[in-house]
Amino acid sequence: MSRVGILAVLIISACGAQEAPLIRANTILGDAITQPLTETAGDTIRGEQLFVSRNEGHCILCHQVDGLDAEFQGDVGPDLTLVGDRLSAGQLRLRIADYQLVQPGALMPSYYRIHDLHQVGEAYSGESVLSAQQVEDIVAYLVERRASGDDA
Amino acid sequence: MKRFAGATLIALIPACSAPPAAENATEIAAEDIVSGSIFLTAETRDLQEDNFANPGYLWVDRGEALFSKAPASGEACITCHEAGLSGVAATYPAYDEKAGRVLNLEGRINQCRVTHQSEPAWEYESEELLSVTAFVANQSLGAPVSVDVSGPAQDIYEAGRDYFQTRRGQFNLSCQQCHTENWGKRLRGDTLSQGHGNGFPAYRLEWESLGSLHRRLRDCDLGVRAEPLPYGDPLYVAVELFLAARSNGLEMESPAVRR
């Protein structure tokens with residue numbers, strides 16, 4: 001590739017304006033991604049860690065789940081203590097991956113998206129916040145946030 | 001091939017540099033505008049209000065000394081500003097005829113350094129610039145913010161407003177979403193304030209230092225994993241002007257204490 005070509009590619013990944021969406025439109029059914037993003041099933045325990053950990057999901061910045069061992073949970077987003085009663089795994093998956101596909105203008109960051117972002121920090125350019133497997137882990141954790149706790 | 005890649009490159013630049021600002025953005029009603037200090041704990045607020053305990057006054061005192069000291073090649077600030085600069089900081093950022101651009105307080109101080117004292121500009125965030133800025137800002141303590149965004153400042157104001165309303169970073173959030181649409185809510189240990197600049201330069205407990213408003217803006221940009229602008233960048237000065245206009249009437253608090 002020519003120098004200019006390499007530069008062009010660098011700029012593409014730096015601004016994300018021309019990145020292809022990670023989620024293909026034909027995997028979205030209504031307001032859900034019904035098929036898992038990976039072959040390995042999500043891990044609930046890992047999901048809880050990701051949900052809390054500052055350097056990973058850090059969802060408690062904006063959300064609360066009662067009973068979690070974490071100080072100072074946020075309330076910018078809805079309480080997720082019983083979110084498994086409201087949303088299916090597929091609905092959770094789409095909302096975590098890219099909420100703005102459900103509701104344009106949503107505040108919630110898109111955790112599995114690289115396209116159409118601006119002024120992204122160099123260290124993060126071209127990367128989604130979470131990997132596909134991490135999204136699955138959090139889905140596994142959240143789908144079990146139900147009043148009864150056992151299978152719905 | 002080279003030609004083709006070059007053309008692609010040019011076509012991409014506008015797509016990157018002109019992200020969409022929010023349409024029909026909401027504003028905080030004038031009667032609801034409040035300072036960031038009301039979201040502090042009682043202890044932090046007490047610390048701010050106690051001139052002896054507030055660590056920011058270390059910089060104010062240093063600034064006062066620098067203000068009266070003649071530099072190697074010129075006269076001391078106090079020679080020209082014998083009566084002090086009471087109320088002046090509340091009108092900044094402001095359009096400066098001579099410079100032909102909008103200057104914030106740091107920029108104005110450096111302009112005096114260069115043109116009236118024949119001294120090199122102080123570096124942004126240097127102890128000297130922070131101290132003199134804090135000393136001058138503190139002379140407007142309690143004065144209402146009153147910046148003018150008419151005339152040549154209008155375009156700069158609008159550039160600052162657009163920056164404020166544009167989503168950015170890997171988290172794709174705008175200043176507007178946190179500070180206009182969700183102030184008062186909890187972001188973990190912090191309560192979101194309305195994001196006013198009236199307390200700056202401010203002493204932040206997290207910094208264990210006094211810092212400029214641009215340092216705070218860089219922290220907010222870093223928080224959403226956006227590439228922050230350099231200190232003193234004209235676009236941050238524009239954001240500063242927008243923030244000040246948005247808070248016109250609010251009392252100046254520098255050196256404020258913040259978490």
Exercise for the section: Look at residue B:187 and say whether it is of a type in the set (A, V, I, L, M, F, W, C) and modelled with pLDDT of 95 or more. Expected result: no
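In region A:33-63, how many residues are of a type in the set (Val, Ile, Thr), farther than 17 Å from residue A:95 by Cβ and not in a helix (DSSP H, G or I)?
2
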Exercise for the section: Give the residue, chosen from A:48, A:71, that is buried (at least 20 other Cβ atoms within 10 Å of the Cβ) and farther than 24 Å from residue A:101 by Cβ. Expected result: A:48
Problem - Residues located in region B:87-98, provided they are over 18 Å from residue B:197 (Cβ atoms) and either under 19 Å from the mean Cα position of the chain (by Cα) or at pLDDT 95 or above (or both) - result: B:96
Problem - Lone qualifier among B:192, B:205 - being surrounded by fewer than 23 Cβ atoms within 10 Å (Cβ to Cβ) and touching a helix residue (DSSP H, G or I) at 6+ places or on another chain (Cβ under 6 Å) - result: B:192
Fill in the blank from the handout: Across region B:210-237, the tally of residues that are away from every other protein chain (no Cβ under 14 Å) and either touching a residue at least 60 places away in the same chain (Cβ under 8 Å) or of a type in the set (A, V, I, L, M, F, W, C) (or both) stands at 10
Exercise for the section: Considering only residues that are surrounded by fewer than 21 Cβ atoms within 10 Å (Cβ to Cβ) and touching a strand residue (DSSP E or B) at 6+ places or on another chain (Cβ under 9 Å), look in region B:92-102 and name the one that is nearest to residue B:139 (Cα to Cα). Expected result: B:94
Practice task
Report, by residue number, each residue of region A:64-94 that is in contact (Cβ under 8 Å) with a residue 60 or more places away in the chain and in a helix (DSSP H, G or I).
Solution key: A:83, A:84, A:85, A:90, A:91, A:93, A:94
Fill in the blank from the handout: Those residues of region A:60-92 which are away from chain B (no Cβ under 12 Å), in contact with a Phe, Trp or Tyr (Cβ under 9 Å, 6 or more places away or on another chain) and modelled with pLDDT of 95 or more amount to A:65, A:80
Practice task
Determine which member of the set B:82, B:125 is part of a loop (DSSP other than H, G, I, E, B) and surrounded by fewer than 15 Cβ atoms within 10 Å (Cβ to Cβ).
Solution key: B:82
Problem - Hey, residue A:113 within 14 Å of another protein chain (Cβ to nearest Cβ), within 13 Å of the chain's Cα centre (by Cα) and in a loop (DSSP other than H, G, I, E, B) or not - result: yes
Practice task
Output the number of the condition that residue B:67 fails; it satisfies all remaining conditions of (1) within 21 Å of residue B:195 (Cα to Cα); (2) part of a helix (DSSP H, G or I).
Solution key: (1)
Handout entry: residue B:24 surrounded by fewer than 14 Cβ atoms within 10 Å (Cβ to Cβ) and within 14 Å of chain A (Cβ to nearest Cβ)
Key = yes
Exercise for the section: Among the residues of region B:151-183, write down those that are in contact (Cβ under 8 Å) with a residue 60 or more places away in the chain, buried (at least 21 other Cβ atoms within 10 Å of the Cβ) and more than 18 Å from the chain's Cα centre (by Cα). Expected result: B:167, B:168
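So which of B:141, B:105 is on the phi < 0 side of the Ramachandran plot, buried (at least 20 other Cβ atoms within 10 Å of the Cβ) and modelled with pLDDT of 95 or more?
B:105
The values are calculated or read from the model by the stated rules, or taken from the named source; none is laboratory data. These numbers were taken from a predicted model, which means no experiment stands behind them. Please note: Cβ atoms are built from the backbone with ideal geometry, for glycine as well, and neighbour counts cover all protein chains shown.
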